[in-house]
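Visitor: Here you go, one structure.
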Amino acid sequence: MRQAEAANQFPEHPSGDLKFSEVRSIARSVARWTWELHHGNGASAAPADLRELQAARGRLTGARKRDALMQQACALAAQGLSCRAIGRQLGISDKTVSAWLKRSASQDKAGAQA
């Protein structure tokens, strides 16, 4: 509720800030929507379970982004760019690019042997 009240600042709007009752209604609505999204089947999850769920979702998102960047890095390396140039272009460190290229090469080698 404190966050909602803190965000209730609209000096450029002619009617100004929202009334407290409106802020409270919006905060309750958001809380209800969030609860139903995470506990839609009626199961109650402890806050630790919710943290684990959110962490798992974050790992998935991070993995998708990393995999996409890794593919771009491999494609740029195949064009002959250095790790430093690839890192600058993709906004990641050259050490990360080097590690990804080594990992990719070892996976390709393992895949060829299988």
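The values are calculated or read from the model by the stated rules, or taken from the named source; none is laboratory data. Only a predicted model underlies this, so the values are computations on that prediction, with no experimental measurement involved. Positions of Cβ are backbone-derived with ideal geometry, glycine not excepted, and every protein chain shown enters the neighbour counts.
Visitor: Every residue in segment 8-38 that is loosely packed, with under 10 Cβ neighbours inside 10 Å, farther than 17 Å from Q54 by Cα and modelled with pLDDT under 85, please.
Guide: Within segment 8-38, P11, E12, H13, P14, S15 meet the criteria.
Visitor: Moving to a separate point now. Name the pairs: first residue in segment 57-78 and closer than 15 Å to R103 by Cβ, second residue small (G, A, S) and surrounded by 11 or more Cβ atoms within 10 Å (Cβ to Cβ), Cβ to Cβ under 8 Å, at least 6 apart or on different chains?
Guide: These pairs meet every condition: M70/S104; C74/S104.
Visitor: Quick one: A75 ticks every box in (1) of a type in the set (A, V, I, L, M); (2) in contact with a His (Cβ under 7 Å, 6 or more places away or on another chain); (3) exposed (fewer than 14 other Cβ atoms within 10 Å of the Cβ) bar one, so which box is it?
Guide: So A75 meets the others, but not (2).
Visitor: Considering segment 87-98 alone, what residues qualify as being surrounded by 13 or more Cβ atoms within 10 Å (Cβ to Cβ) and farther than 16 Å from K65 by Cα? Don't jump to the end; show me each part of the working.
Guide: So the first thing to find is which residues in segment 87-98 are surrounded by 13 or more Cβ atoms within 10 Å (Cβ to Cβ), and the list is 87-90, 92-94, 96-98.
Matches in segment 87-98: R88, D94, S98.
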